[in-house]
Every structure is written in C-alpha cells, then in structure tokens.
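Working notes, beginning with the structure itself.
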Amino acid sequence: MKPMMDQGSLEAAIKRCTRVRELRAIHAHMVRANLTQETFLTSKLMESSAVNLPGHVSCAHRIFSSILYPNLFMWNTIIRGYSISNSPITAITFYRDMSLCGISLGVCGEFGALELGKWVHSYINKKGIKIDLVLGTALVGMYSKCGSLDNALKMFEGKPERDVTAWSTMIAGYAVRGHWASHSGLVEKGHQIFNTMWTEYEITSQLKHYGCLVALFCRAGMVDHAHKFIQTMPIEPNVVLWRTLLGACEAHGYKDLADHISRKILNLDPTSPENIVLVSNVYVSLGRWSSVSQVRSLMKDKTPKKQNGWSSIEINFMVHKFIMGDESDPEGEKIYGMLQQMATKLKQVGHVASTVDVLHDIDEEEKLYALGLHSERLATAYGLLHTPNGLPIRIVKNLRVCRDCHEMIKLISEVYNREIIVRDSSFSPFQRKGVFLQ
C-alpha cells in the first residue's frame, strides 16, 4: 500500500500537474486520506482543473460538489472556470446559487473583488436583467468599496429612484476615497450630494449621513472642519463620530484635540473595552505614557475581543488572503523574495522604518522584523508578482494599516511605478500620486 502524502507534498504535486488525469489521481488520494474538506488543497486542485487546464471544468465541478462548505475562492474558481469555457449560463447559475448562500456583491466589495463584480454587472446588462433600487444600490456599494468611484457615481446618477440607503451608500463612497479627496474636488462633490438630499429630494439627513461627511472631512485631513461640523450638527453625535475624529487627530498630530476627544469618548461609553483600547493606543502613538497608564487601569476585568488582521488581493477573479507572517502560500518563497527586494529598494531611497504603531513590549529589532511581515506587505508583494504593469494593485485590509506600511506603500508605488489602491477599516494621513489609500 502506498504511503499517504503530506500536505506539502500534495501542494507541490498539484502545482506540477499538466494533465487532468493527474489531478484526478491526486483527488482520489485526498479522498483516501480524508483531506477533501481541507480548503486550501481543494481550492488549488479546483483552480488547476478549472483554470489552468481549460476544458476540464467538469472535473472542478465534481470536486466542488463534494465540498460541504465551499469558500469564496472555490465559488470564484468554478464561476471563472465556466466563464472561460464559454458556458456563461452555467457560470451565472453558480453565481445565483452563491448569492443564495449569502456570498454576493457585498462580499465582492468586502474583499475588493472588482473584476468579479464587473463581470456580474456585465452579465446583468447583457441579459437585460432589470437593475432595481436594491440591485443598483448593491452595485454602487460594490464599486465604491473596490475603489472604482467613477463607476459608482455613474450607477448612482443613472437611477431615477434613490432612497435613503442609496444616498448613504454614495456619500460613504466619497468618504472612503478621502486621502486624495481634498486634491480632486471629492470633498465638494460629497458635500454637494449631502445637501442635494434635502434641497432636491426632501430626504432628511440621518446620523449615518452626517457620519459619512465627517469621515470624508477626516480622510481629507480637514480635522478642524470636521470638529466644527460635529459641534454644529442638529443631531446629537454618537461615539462613532467622535472615534472617527479621534483617529484623524492621531493621524495628523492634533494632540490637544485628541486628548479632549479621548475623554469625551470615555465619558460617553466608559465600559467599552474597545474604546479603552482605542484611546490607550492613541495615547501611545502621541507619547502620552502617563495617560496610557491611567486609561489602561480602567480595563480591570474587561477583556476586549481581539480581531485577527488580514489583507486580501484579487488576481484574475481569485481573492488571495494573507495574515501577518503567513507562510502557507505555495508561492511563499517567491513572495518573501519579493519582500526582500522591496526592503532593499526602500533602503536605497532612504526609507527609515517607524515602529511607533508596533505596540508590543519587544525590543526595537523585533519590532522592525514584525513590521516587515505585516499582511498588507505580503499582499503588496503578491500583487507585484502577479499584476501586469499598467493595471492597479488593489488591496483590502480588515483593520487599520499602520503608518509605516502606509509610507512603505507610497514609496513602493514610486519605485515600481505602479498604482496601488489600499482600503482599510480607518483612514490614513498619507497620499501620493499613483497611490490611493482609502
């Protein structure tokens, strides 16, 4: 009886496959080894049969059908496989089923999967499917989250019917592009849309609309303007708006205002561990160590939930996800080789890493090493390896991108002459031609 292959050997074997019968043999081996529900291996097996070996998507279909809980990568693989095999009806059927499973345009926006979202939009148009208010708003949201604001605005302005959700989605779209907003007229356009809600459509602005405008001002670096806007709002601001402004104060060095807002946040919600951690981290970045100790003393028995950070990038309809120090990708050697090349080029242009956002209690050398393994750097390296010159590199991070990674991405864009678009959960003080940090 042949010994069972381990995961590393199977990954290498899948990569070497040039015939579908070889993939079937590997799949049979995985069945015997009870590895068919191992998502990474199964995803790569599907990709090889559906994409790398055109004409054999039926093999990927059989594998897909055996998976109890297929992930987004698997759905994307089977959809792309049928689309390039001239079977668009089957592809859209899978997309419909994918939507029923809760994976739809919203997820395209969540992971920045612009190409998949564009493909669905194109198919909707070709088949004459009516884009109603709900579907139109979903498309606006997908385009704006993926960094394609022109397409989002085109969808928005092309619909005669717009409800509160549609307006909220469009204003939020301007807010997420704030790093270059002040230089491209987006602040004025976003403000205009906000005012038009009432003047032309008599839609009363809600707190979420004011919040989008505050975010727009903050992302454009207009901290004082955002502060005055909050103070003069006809609606009582909630803690979310103050947290947005606090992030802008930290990013732009408004120490006195940051201290004032931090105290306001703790007064509004002193029991929230997340607020305590946020304020504590702000004080750390501002060098207010006595305040850090005072705030952290509030923690006591409160245990904040830690959210794991990840970054994703879409290449050829496939969403690739990375975590800090990720070594699981079969192309890990190439990725880390590109990271080393990037580090060398950064040194050549005089980049000096900033460890101010590395809050671990470790020495400086360890902080520098940790910075170099951040997930957004891995995604950037993967994008440089797999995205042709002339096409933008689009990266999504679920948490806030640290300041050194922002600076790194700006310089990498200049050194490699590439457009890089990054969307994170917050905003950044940095901007540069060719780089849109959303």
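Residue-by-condition table, conditions (1) aliphatic (A, V, I, L, M); (2) more than 25 Å from Ile124 (Cβ to Cβ):
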residue	(1), (2)
Ala12	yes, yes
Val20	yes, yes
Ala28	yes, yes
Ala60	yes, no
Asn76	no, no
Worksheet entry | Unique match (being of a type in the set (D, E, K, R), out of contact with any strand residue (DSSP E or B) (no Cβ under 8 Å at 6 or more places or on another chain), open to solvent by 50 Å² or more (accessible area, probe 1.4 Å) and closer than 27 Å to Ile395 by Cβ) among Asp163, Asp150 | Asp150
Discussion item. Is it the case, given these coordinates, that Ala13 is farther than 23 Å from Ser85 by Cα, modelled with pLDDT of 80 or more and either open to solvent by less than 20 Å² (accessible area, probe 1.4 Å) or more than 33 Å from the chain's Cα centre (by Cα) (or both)?
Written reply: yes
Worksheet item: Which residues, taken from segment 379-404, are open to solvent by less than 10 Å² (accessible area, probe 1.4 Å), outside any loop (DSSP other than H, G, I, E, B) and at pLDDT below 85?
Response: Asp404
Worksheet entry | Residues that are assigned to a helix (DSSP H, G or I) and open to solvent by less than 90 Å² (accessible area, probe 1.4 Å), drawn from segment 18-34 | Val20, Glu22, Leu23, Ala25, Ile26, His27, Ala28, His29, Met30, Val31
Worksheet item: What about Gln348, is it closer than 17 Å to Glu376 by Cα and either surrounded by fewer than 20 Cβ atoms within 10 Å (Cβ to Cβ) or charged (D, E, K, R) (or both)?
Response: no
Worksheet item: Are there any pairs with C-beta distances below 7 angstrom linking a residue in segment 106-130 that is farther than 17 Å from Lys154 by Cβ and in a helix (DSSP H, G or I) to a residue that is open to solvent by 40 Å² or more (accessible area, probe 1.4 Å) and at pLDDT below 70, with the two at least 6 apart or on different chains, and if so which?
Response: none
Fill in: Residue pairs meeting the criteria (Cβ under 9 Å; at least 6 apart or on separate chains; first among the basic types (Lys, Arg), in segment 264-284; second open to solvent by 10 Å² or more (accessible area, probe 1.4 Å) and in a helix (DSSP H, G or I))
Lys264/Val239; Lys264/Trp242
Fill in: Criterion (modelled with pLDDT under 80 and open to solvent by 30 Å² or more (accessible area, probe 1.4 Å)) met by exactly one of Ser285, Ser293
Ser293
Fill in: Number of the exception - Ile313 against (1) more than 23 Å from the chain's Cα centre (by Cα); (2) modelled with pLDDT of 90 or more; (3) open to solvent by less than 10 Å² (accessible area, probe 1.4 Å)
(1)
Practice prompt. Among residues belonging to segment 235-264 that are of a type in the set (Gly, Ala, Ser) and out of contact with any helix residue (DSSP H, G or I) (no Cβ under 6 Å at 6 or more places or on another chain), point out the one that is surrounded by the fewest Cβ atoms within 10 Å (Cβ to Cβ).
Written response: Gly253
Discussion item. From the list Ile261, Ile171, Ile203, exactly one residue is modelled with pLDDT of 85 or more and at negative phi. Which is it?
Written reply: Ile261
Practice prompt. Among the residues of segment 138-154, write down those that are over 13 Å from the mean Cα position of the chain (by Cα), under 13 Å from Gly109 (Cβ atoms) and hydrophobic (A, V, I, L, M, F, W, C).
Written response: Ala138, Leu139, Val140, Leu149, Ala152
Worksheet item: Yes or no: Arg177 farther than 26 Å from Val396 by Cα, basic (Lys, Arg) and either at pLDDT 80 or above or open to solvent by less than 20 Å² (accessible area, probe 1.4 Å) (or both)?
Response: no
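The values are calculated or read from the model by the stated rules, or taken from the named source; none is laboratory data. For clarity, every value in this text was computed on a predicted model and none was experimentally measured. Cβ: placed from backbone, ideal geometry, glycine included. Neighbour counts: every protein chain shown. With ligands, DNA and RNA removed, areas are computed over all heavy atoms of the protein, side chains included. Shrake-Rupley method; radii C 1.70, N 1.55, O 1.52, S 1.80 Å.
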